[in-house]
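Read the structure below first, then the notes.
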2 protein chains.
Amino acid sequence: MSPKVSKEHMEKRRANILEAAKQVFIEMGYERTTMKHVMEAAGVSRGGLYQYFLNKEDLYEAILEEGLEKAVDDNGLLLEKEVDSYWPLLMKRMFGESMEPDDRLDPLAPSNLEFFITGRHDERRRQYGLNRYQLGLQVYEELIKAGQECGEFSKTYDSKTMARSIVSFIDGLALDHAILPEEEIQVKKQSLLFVEYLKMALEVERGNRLKK
Amino acid sequence: MSPKVSKEHMEKRRANILEAAKQVFIEMGYERTTMKHVMEAAGVSRGGLYQYFLNKEDLYEAILEEGLEKAVDDNGLLLEKEVDSYWPLLMKRMFGESMEPDDRLDPLAPSNLEFFITGRHDERRRQYGLNRYQLGLQVYEELIKAGQECGEFSKTYDSKTMARSIVSFIDGLALDHAILPEEEIQVKKQSLLFVEYLKMALEVERGNRLKK
DNA sequence: CATTATAACGACACTATTGTCGTTTTTCAA
DNA sequence: TTGAAAAACGACAATAGTGTCGTTATAATG
């Protein structure tokens, strides 16, 4: 009648498999990873995997689902805040808490790449990637639109074009850095250059002056 | 003693298989394509494929090899030319013969993406992609360096950073357009914005004025 | 501590795909 | 036209990977 194995134990193990499987999928790609790989990484038996997931595809989908939920939370958090200046918020979205270009990249970028790759030959996975992508885009667009509304940013370029330019830039940087890692400093250099460009396109200096 | 099948016939058939296989690999990705797919696309029997290629990997490598040779030729062609102004040449490299942003992209970009994807989990294929990438980078770097030497471009940013920024931008645009195609016009808009950015970073207007 | 539901296990059957190989067909030179 | 060399073929064995299923081990409850 009553459960003989605690719910906590099940959830913990499921999460454990999910995390291990995620690493394997990232490492090897969907097609190449076998359930044997996942099994070894998670430290369970082959049969055990099927206790928690219907099959390989179901396991993969669970990973995507989890990632999407996290992305929604992250983005929601940023948009909630009420601010008087959008430039710092934009910088924060692009470069993280430090709010200025360093050798790290927007965490959304590698994930965009990942989903683009895995989704390239599979409609369902492509759809997940698209959702995430649009989610990221939306945050930038709203930030810029808000900045333009209050007069902080120039309206020379529409918010959609600016948002896509930013995401394009970040994704391109992540892609090229993945292809040719070389020195970390290169990422920072290119980012600094891009910030100059953003300031120009949004006329941030002028905008800030106007506000004062 | 003498060959009973003409060399031309063999070469033609080999090229035929190569072209068909290339399409299949692009369409399906390396892991998913089977020799059966290739066989059907090329219109030969399974056994026939092994007359020309040792195995699937060998077939794939032959396609890469061919692509690399073509890329070397294309880039070599551009660098050979003697010019008095590097800006038009830079535009030409970025946007093709039209020399100004339209909805088309540098043909190198999709190929960069392709090799990044296929090479992501395979060292040998990754190396091919890297070679191509560096080849593209080299052309931009030499163009900008030459332009800087003759005073047409500003030396504010080093040629390497500028070259990588350009390739980053193009690849990012290609990637994002691949993820979210939407209207073609968006590509043009973002490209125009990027050209403004390039003019700023290279101080092209000023440079041109100085030359006159 | 005993009971029992169920999680964990690993052998098994099934499927898909690869590369080989003996046979047939084609092609070209004499 | 004919003969031989080699290309084209497709059945075959080998391999790899999936998901199922009956059995065993384990953990919560009374």
Checked A:S45, A:S85 against criteria (modelled with pLDDT of 80 or more, in contact with an Asp or Glu (Cβ under 8 Å, 6 or more places away or on another chain) and of a type in the set (G, A, S)); the one match is A:S85
Residue check: is B:K7 modelled with pLDDT under 85, within 16 Å of DNA strand D (Cβ to nearest atom) and loosely packed, with under 13 Cβ neighbours inside 10 Å?
-> yes
Does the range A:7-19 include one or more residues that are away from DNA strand C (no atom under 12 Å from the Cβ) and within 14 Å of chain B (Cβ to nearest Cβ)?
-> no
When the range A:176-205 is checked residue by residue, the ones that are facing chain B (nearest Cβ under 7 Å) and touching an Asp or Glu at 6+ places or on another chain (Cβ under 9 Å) are A:D176, A:I179, A:Q186, A:K189, A:Q190, A:Y197, A:M200, A:A201
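From the list A:F53, A:F25, pick out the single residue that is in contact with a Ser or Thr (Cβ under 8 Å, 6 or more places away or on another chain), closer than 23 Å to A:E123 by Cβ and either within 15 Å of DNA strand C (Cβ to nearest atom) or within 14 Å of chain B (Cβ to nearest Cβ) (or both). So that I can check it myself, show each step before the final result.
Numbers: A:F53 fails: in contact with a Ser or Thr (Cβ under 8 Å, 6 or more places away or on another chain).
Sole residue among the options that is in contact with a Ser or Thr (Cβ under 8 Å, 6 or more places away or on another chain), closer than 23 Å to A:E123 by Cβ and either within 15 Å of DNA strand C (Cβ to nearest atom) or within 14 Å of chain B (Cβ to nearest Cβ) (or both): A:F25.
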Picking from A:V44, A:V38, which residue would you name as being in contact with a helix residue (DSSP H, G or I) (Cβ under 6 Å, 6 or more places away or on another chain) and among the aliphatic types (A, V, I, L, M)?
-> A:V38
For residues in the range A:130-189 being touching a residue at least 24 places away in the same chain (Cβ under 8 Å) and part of a loop (DSSP other than H, G, I, E, B), which is farthest from A:D74 (Cα to Cα)?
-> A:T156
Residues being closer than 20 Å to A:E31 by Cβ and not charged (D, E, K, R) - total across the range A:61-91 | 4
How about the range A:1-60: which of its residues are over 29 Å from B:Y30 (Cβ atoms) and within 22 Å of the chain's Cα centre (by Cα)?
-> A:A15, A:N16
Does at least one position in the range A:59-78 carry a residue that is more than 14 Å from every other protein chain (Cβ to nearest Cβ), within 16 Å of DNA strand C (Cβ to nearest atom) and surrounded by 13 or more Cβ atoms within 10 Å (Cβ to Cβ)?
-> yes
Check whether at least one residue in the range B:132-143 is more than 9 Å from chain A (Cβ to nearest Cβ), modelled with pLDDT of 90 or more, crowded, with 20+ Cβ neighbours inside 10 Å and within 24 Å of A:D158 (Cα to Cα), and report yes or no.
-> no
Please report, ordered by residue number, the helices (runs of 4 or more DSSP H) entirely within the range A:9-85 with at least 2 residues that are acidic (D, E).
-> A:56-80
Consider A:L113 carefully, then state whether it is modelled with pLDDT under 80 and within 8 Å of chain B (Cβ to nearest Cβ).
-> yes
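The values are calculated or read from the model by the stated rules, or taken from the named source; none is laboratory data. Quick caveat: nothing in here was measured; it's all calculated off a predicted structure. Using ideal geometry, Cβ is built from the backbone for each residue, glycine included, and neighbour counts are taken over all protein chains shown.
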